[in-house]
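Chemist: Quick one: structure below, then a few questions.
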Amino acid sequence: MSKEPEEPKIYLLPNLMTAGNLCCGFFAILMIFNGMREGYENGGAEGYDFSKAYVSYQTAIYLIFGSCLFDLLDGRLARLGGQESPFGQEFDSICDVVSFGVAPALLVSRAVLFDLHLDKLSWAIAFIYLLCGAIRLARFNCLINMESSSSDKNNFRGIPIPMAAGFIASLTFLIIYFEKNSKEMADWWNWVLAGAMLGLAFLMVSDIKYPSFKKVDWKTKGSIGSIVLGAFVMMLFFYEQTRWFMPTVIFSLYLLFGIYRRFFTKSGKNLVKSREPS
């Protein structure tokens, strides 16, 4: 009599957060298509009116930020509850491809690089970003399965795709703000975003180490200064004059930290010698 195959362990709360990640990514894609439709339907003789699509694109960016939050929560809940599982790992990666690969790539190629009138180039740049993101997730899963007890769990290998997507979304948020208020500045930033996407594609598949913050939990001790600084940064997110560029500042600091530590500090150079999983 054949033995029934074992079912994978599916923990409710972590995977529910992962489903929230996928939900935000899916609706972000729908809002991008909605923005494209609105832009063309109201474009008149010009063919495309960005001002009519602005709200939909902005909503898509908020949804990508929401995916980042859910992705942070699913891993945190799994580790706090000791509920990490192979199913959760695979489910998370599949959802990440949608929320942090497809959605940002589609957003940039249609909402921003479209303005450069280089359709084929914009699609190519977006695809390279998506491809490297998928490769990074596949490498992540392979290395997790091969990890040893000597692995450094404090660092990711290559920038994590949620952080890459967060940077892309925040920079796009900045650009569409310029698009609404200063067309000449927006044109210049469009090229910056094109270069940023290619740079992020390289960073995702590179060996540059980025902090994982996996050790940060409810027992992590802080200082009065760090609490005050954190509260001040949070306040800037709600202040009208600063909220439109604060996400870009936060994600940029994380991105630049890994590069700075790798090339300009001794500890960062030593990290390259190790081949632990990300």
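The values are calculated or read from the model by the stated rules, or taken from the named source; none is laboratory data. Small disclaimer: the values here were computed from a predicted structure and weren't measured. We place every Cβ from the backbone using ideal geometry, glycine too, and count neighbours over all the protein chains shown.
Chemist: Cβ-Cβ distance below 9 Å, separation of 6 or more or different chains: which pairs start in the range 66-80 with a residue that is crowded, with 18+ Cβ neighbours inside 10 Å and end on one that is among the aromatic types (Phe, Trp, Tyr) and modelled with pLDDT under 90?
Modeler: Close Cβ pairs (under 9 Å, with a partner that is among the aromatic types (Phe, Trp, Tyr) and modelled with pLDDT under 90) amount to Leu77/Tyr11; Ala78/Tyr11.
Chemist: Further question: Could you grab me the full set of residues in the range 74-110 that are part of a loop (DSSP other than H, G, I, E, B) and not hydroxyl-bearing (Ser, Thr, Tyr)? Reasoning before the result, please.
Modeler: First, the residues of the range 74-110 that are part of a loop (DSSP other than H, G, I, E, B): 81-85.
Selection gives Gly81, Gly82, Gln83, Glu84.
Chemist: Among the residues of the range 245-260, is there at least one that is touching a helix residue (DSSP H, G or I) at 6+ places or on another chain (Cβ under 8 Å), of a type in the set (S, T, N, Q) and modelled with pLDDT under 85?
Modeler: Within the range 245-260 (the criterion being touching a helix residue (DSSP H, G or I) at 6+ places or on another chain (Cβ under 8 Å), of a type in the set (S, T, N, Q) and modelled with pLDDT under 85), the answer is no, since none of the residues qualifies.
Chemist: Within the range 209-251, how many residues are of a type in the set (D, E, K, R), closer than 29 Å to Arg136 by Cα and out of contact with any Gly (no Cβ under 9 Å at 6 or more places or on another chain)?
Modeler: If we filter the range 209-251 for residues that are of a type in the set (D, E, K, R), which is where we start, we get 209, 214-215, 217, 219, 221, 240, 243.
Pick out the ones that are also closer than 29 Å to Arg136 by Cα and you get 209, 214-215, 217.
Right, trim to out of contact with any Gly (no Cβ under 9 Å at 6 or more places or on another chain) and you get 215, 217.
Number satisfying all stated conditions: 2.
Residues are listed down the side, and each one gets a yes or a no for (1) modelled with pLDDT of 75 or more; (2) in contact with a helix residue (DSSP H, G or I) (Cβ under 8 Å, 6 or more places away or on another chain):
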{"position": "Leu30", "(1), (2)": "yes, no"}
{"position": "Tyr40", "(1), (2)": "yes, no"}
{"position": "Ala45", "(1), (2)": "no, no"}
{"position": "Ala60", "(1), (2)": "yes, yes"}
{"position": "Ser67", "(1), (2)": "yes, yes"}
{"position": "Leu80", "(1), (2)": "no, no"}
{"position": "Gln83", "(1), (2)": "no, yes"}
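Chemist: Would you check if Ser278 is part of a helix (DSSP H, G or I), under 25 Å from Leu143 (Cα atoms) and either hydrophobic (A, V, I, L, M, F, W, C) or at pLDDT below 80 (or both)?
Modeler: Numbers: part of a helix (DSSP H, G or I): no; under 25 Å from Leu143 (Cα atoms): yes; either hydrophobic (A, V, I, L, M, F, W, C) or at pLDDT below 80 (or both): yes.
No: the conditions fail for Ser278.
Chemist: Right, next: Which of the residues belonging to the range 47-56 are part of a helix (DSSP H, G or I) and at pLDDT below 85? Walk me through how you get there before you give the answer.
Modeler: Keep residues of the range 47-56 that are part of a helix (DSSP H, G or I), which gives 50-56.
Hits for the range 47-56 are Phe50, Ser51, Lys52, Ala53, Tyr54.
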